[in-house]
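Notes follow once the structure below has been shown.
The values are calculated or read from the model by the stated rules, or taken from the named source; none is laboratory data. None of these values were measured; they are calculated from a predicted model. Note that each Cβ is placed from the backbone with ideal geometry, even for glycine, and that neighbours are counted across all protein chains shown. Just so you know, the surface numbers come from the protein's heavy atoms only, side chains and all, with ligands and any DNA or RNA stripped out. Shrake-Rupley method; radii C 1.70, N 1.55, O 1.52, S 1.80 Å.
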Amino acid sequence: MNNKDYKNKNLIKSGNSQTILDFVEKKLLENAAIRELMKDEYISFGSIRDFLYFKFCPLFFGLCPYKKNEKNSFCDANLCWLEKLSDIDSIGENYDHQFFHNLVKLTVQPSICPECGEDNLELKWQDEGYLAKLGLINFADVAYLECKKCKKRLITEQDKMAVEFLLKVFLAKPSKKSPVKAGQTVVLALDKAGLEIFIKHLEKEKDVKTIWKRLDPFSISDQIGELDLNIAVADFMCEYYNIDYEEKNETDTIFEEFEDDDVDSEKFDISDLFDDFDEK
């Protein structure tokens, strides 16, 4: 799936006859977060569609056909799901963040503030137009959790894992052939649960060039200087959920071969990565 196909498949077009349920089901087919939530249920749902229909309402995905901000006693989710998608107003630029917001909130860590122990954390997205920078690489679509009590901001564990891994790939063997390049923007996947699964899979690879091959189809740096992990994760999830994987023993990460280099995974720290994550 290329960048154009990925973006076009989720567009809401005027005159579209599909229902809201049709659209959400299609948009979440490769989403790991919704599948992780399904695993926590006592009832075994046969499909994402059934799970959506019985557990959620369109408002959860920012698609209330009556433009409500919260559910009330007059809401009937079963009927709302069957409303025509074409009846909803056009979607703005930040729609994807709104769509995935609640799914991400339910599946990211940490869940408790390490500073004050408060469990009331608010999910926020990177400020519009702001790129979190570390060295020569930019990171976009970062999610973080803000404690409502002490205002401490915490990068999500999934994003932290991805940032650390990609920086190690870059530092381990810098090359023009690497899909992680200096001056590039890496767009972190909005599906944070899928991002975690994808990065853990890559960490098992011992050859850095194998990782390059896995990431390279999603690097469009020659055009706009970007590595889009939304596309990489969605592509991997198609494979992940349709192929039976055998349980494998733990394998060394690719960075073992660079033990004598300057990159020390134990000392690798990104605490200073985001200037605006400092406590205010």
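For this structure, a couple of remarks:
- Residue within region 199-207 that is free of Cβ contacts under 8 Å to residues at least 60 places away in the same chain, under 13 Å from Ile137 (Cα atoms) and either outside the structural domain of His97 (by the TED database) or aliphatic (A, V, I, L, M) (or both) present: no
- In a residue-by-residue description of region 123-139, the property of being at pLDDT 85 or above, open to solvent by 50 Å² or more (accessible area, probe 1.4 Å) and in contact with a Ser or Thr (Cβ under 8 Å, 6 or more places away or on another chain) applies to no position.
- Top-ranked residue in region 93-122 [being modelled with pLDDT of 90 or more and among the charged types (D, E, K, R); ranked as most open to solvent (accessible area, probe 1.4 Å)]: Lys105
- Residue count for region 40-55 under the criterion of being open to solvent by less than 60 Å² (accessible area, probe 1.4 Å) and either outside the structural domain of Leu103 (by the TED database) or under 20 Å from the mean Cα position of the chain (by Cα) (or both): the result is 2.
- Candidates Ala182, Ala189, Ala172, filtered to the one that is among the small types (Gly, Ala, Ser) and open to solvent by less than 10 Å² (accessible area, probe 1.4 Å): Ala189
- Any hit, region 154-169, residues being at pLDDT 85 or above, basic (Lys, Arg) and in contact with a Leu (Cβ under 9 Å, 6 or more places away or on another chain): yes
- Criterion: in contact with a strand residue (DSSP E or B) (Cβ under 9 Å, 6 or more places away or on another chain), at pLDDT 65 or above, not in a strand (DSSP E or B) and not charged (D, E, K, R) - qualifying residue of Leu215, Leu202, Leu227: Leu215
- Check on Ala193, out of contact with any Cys (no Cβ under 8 Å at 6 or more places or on another chain) and modelled with pLDDT of 85 or more: yes
- Pairs linking a residue in region 146-166 that is over 17 Å from Asp191 (Cβ atoms) to a residue that is part of a helix (DSSP H, G or I) and acidic (Asp, Glu), with Cβ atoms under 9 Å and 6 or more positions apart or on different chains, are Arg153/Asp276.
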